[in-house]
Ligand code: 13P
């Protein structure tokens, strides 16, 4: 374990004014995204789409790191440069999704446990050689009638901690992602309660497995109203509840916290982040690690056509810039209309 490298990478991931692009959609997830724009999910189309994103001019001004999927880490830009090298040449850290997906959990109906621990230490060694500097593992917590169960929260917390330990041992910064889904009719109060219980269990396991908080990034969901709940809380309330939970559970020793967008609209994800980042005296920097809320406009502009690449990159650059402002607490709705 190289603690100097780990500390440097973790700090760079959450450096002021920048955030992370999650482009680690699994083959199944990207197929769903491509279906929405009627594009076939072939290996070449997946490569061309990621190439469009990663070769956007000026991206390094707003993006500190990109999370890649195994296939993408092995792919190249049109001119033959491996994606990891292309990103690194723009000052962007390449990262890798190392979990093997959330699978149905036995005897826990409606709940998931994330797989991928077997052989992880060996895979980490290979990913280091391919240029990965950090890694992500996503756990899924579902809110519903009688769930989440204690078994689901505990099992996922332990998997997150074991994965984080394996990454640190290989000098890769782990990004732990316990995602509380926003699907459901639950209230924001219920989301707050479940998020707090999830984070408490996660950090208890982190401590039990001797993971260093200094070399760890949390990727969390925000405390929001369930998608189907008639009362949708505004940015002020989302910020207040999310920050309260984070202050109660996340060690101050941690270098930073990033958020997933989880199906929020592009502008809500930006507005919520800005409201939180504007808070004073937080122990950690806050920033974004969005997939959908950064990529949606670019995906819908691209539509698999080489002729749309420039316009798609413009749309992507705009969302990256808006979220860069948001992570500094400086985003305002009227800025959305302003050209770069
Ligand atoms: P969303 O921002 O679309 O939720 O994706 C983030 C992510 O990395 C999911 O694992």
**Message:** I'm told residue 77 meets every condition in (1) within 19 Å of the chain's Cα centre (by Cα); (2) under 17 Å from residue 130 (Cβ atoms) except one. Can you identify the failing condition by its number?
**Reply:** (1)
**Request:** Please specify each residue of segment 226-243 satisfying the condition of being surrounded by fewer than 14 Cβ atoms within 10 Å (Cβ to Cβ) and assigned to a helix (DSSP H, G or I).
**Result:** 236
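Yes or no, residue by residue, for (1) within 14 Å of the ligand (Cβ to nearest atom); (2) assigned to a strand (DSSP E or B); (3) over 30 Å from residue 251 (Cα atoms):
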site	(1), (2), (3)
272	yes, no, no
281	no, no, no
284	no, no, no
289	yes, yes, no
298	yes, no, yes
311	no, no, yes
314	no, no, yes
325	no, no, no
**Asked** Of these, 65, 116, which one is in contact with a helix residue (DSSP H, G or I) (Cβ under 8 Å, 6 or more places away or on another chain), at pLDDT 95 or above and more than 25 Å from residue 324 (Cα to Cα)?
**Response** 116
**Asked** Within the group 51, 24, 70, which residue is buried (at least 22 other Cβ atoms within 10 Å of the Cβ) and either within 16 Å of the ligand (Cβ to nearest atom) or more than 16 Å from the chain's Cα centre (by Cα) (or both)?
**Response** 24
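Right, residue 263: surrounded by fewer than 19 Cβ atoms within 10 Å (Cβ to Cβ), within 14 Å of the ligand (Cβ to nearest atom), part of a loop (DSSP other than H, G, I, E, B) and touching a residue at least 60 places away in the same chain (Cβ under 8 Å) or not? Steps first, please.
Working: surrounded by fewer than 19 Cβ atoms within 10 Å (Cβ to Cβ): yes; within 14 Å of the ligand (Cβ to nearest atom): yes; part of a loop (DSSP other than H, G, I, E, B): yes; touching a residue at least 60 places away in the same chain (Cβ under 8 Å): yes.
The answer is yes for residue 263.
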**Item:** Of the criteria (1) within 16 Å of the ligand (Cβ to nearest atom); (2) exposed (fewer than 14 other Cβ atoms within 10 Å of the Cβ); (3) assigned to a loop (DSSP other than H, G, I, E, B), which one residue 100 fails
**Value:** (2)
**Request:** Can you tell me which residue within segment 103-133, out of those that are outside any loop (DSSP other than H, G, I, E, B) and without any contact (Cβ under 8 Å) to a residue 12 or more places away in the chain, is surrounded by the most Cβ atoms within 10 Å (Cβ to Cβ)?
**Result:** 126
**Message:** Given the criteria modelled with pLDDT of 95 or more, under 19 Å from the mean Cα position of the chain (by Cα), surrounded by 19 or more Cβ atoms within 10 Å (Cβ to Cβ) and within 15 Å of the ligand (Cβ to nearest atom), does residue 220 qualify?
**Reply:** yes
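The values are calculated or read from the model by the stated rules, or taken from the named source; none is laboratory data. Bear in mind the structure is a predicted one, so any value in this text is a computation, not a measurement. Cβ coordinates were reconstructed from backbone atoms using ideal geometry, including for glycine residues, and neighbour counts include every protein chain displayed.
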